[in-house]
Amino acid sequence: MSVHDDPHAVDLKLPIAARIAAASERHGEAVIVERAVSLIEGNNEGKEFLLIVGGEHAQGILDGAPVLYWPELWGTRALLHAWNDSAADAVRSALSNQAWRVREMATRVVATRRIDAREQLVKLLEDETPRVRAGAARALGTVGIIEDIELIAPLVKDAELEVRRGAQLGMDAIRKRTTS
């Protein structure tokens, strides 16, 4: 039987949301969340799960490319598509991951899932990576408080356009949430 005949083979051409949805239907969303958290924690969740969360790029790792931070990033990203509150601590932990891509993705999950991670996000406003600063400012727009506008405001003068945009979006979102 070839991999194409296997009803459980992962279709790497599907977008991440479709791969996660299919896996959640097959295994249960709680299992997918648990395994995503395990990846964030640096554990090996096996070939099939890596392909589910990483797609074609994961095949490269399975074929011998350097692992680096990719499984942690993919585990974090999976939480955009499968969720329960048991994953919140892992996402907060990912905000301090040594890999900037993981920190940035964690800001997206915080914003999407409205995780209470305000203190960590405030620290990330000073991250050395512009995309992380921008993500933190945008995420504070969903979970921050009115006083956070003062902390975000200096970023509207950041050297990086993406950071300036993220800061403005974050401040606007806080204003909209807190004045409506």
* **Gyration tensor (alpha-carbon) shape descriptor, the range 8-115, a/c threshold 1.5** => oblate
* Asked: On full extension of the chain, what length is gained from Val156 through Glu56, given 0.36 nm per residue of separation minus the C-alpha to C-alpha distance?
  -> 32.3 nm
* Asked: For the chain, what is the Kirkwood estimate of the hydrodynamic radius, computed as the reciprocal of the mean inverse distance between distinct Cα atoms, to one decimal in Å?
  -> 17.0 Å
* Quick one: Kirkwood hydrodynamic radius for the range 117-180, alpha-carbon pairs, angstrom, one decimal? -> 10.9 Å
* To do: Identify the residues of the range 20-47 with backbone N under 20 Å of a label point that sits 7 angstrom from the Cα of Asp89 along the Cα-to-Cβ direction, or state none.
  => 30-45
* **Contact order normalised by residue count of the chain, Cα under 8 Å, 6+ apart, percent** => 15 percent
* Structure fact -> Largest fluctuation, Ser96, Ser38, Ser86 only, Gaussian network model of the chain with Cα springs under 10 angstrom, belongs to Ser86
* **Inter-label distance for Leu169 and Asp11, nm, one decimal - labels placed 7 Å from Cα along Cα-to-Cβ** => 3.0 nm
* To do: For the chain, find the longest principal axis of its Cα atoms and tell me its angle to the long axis of helix 16-27, 0 to 90°, nearest 10.
  => 60 degrees
* Asked: Reachable lysines from Lys47, Cα under 29 Å, same-chain residues fewer than 8 places away excluded?
  -> Lys13
* Structure fact -> Fewest to most Cβ atoms within 10 Å: Asp89, Asp158, Asp116 sort as Asp116, Asp89, Asp158
* Asked: Each label point is 7 Å from the Cα along the Cα-to-Cβ direction; what then is the distance between the points at Ser96 and Thr179, in nm?
  -> 3.5 nm
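Each value in this text was obtained by applying a stated rule to the coordinates, not by laboratory testing. This is a predicted model, so every value here is computed, not measured. Cβ atoms come from the backbone with ideal geometry, glycine included; neighbour counts cover every protein chain shown.
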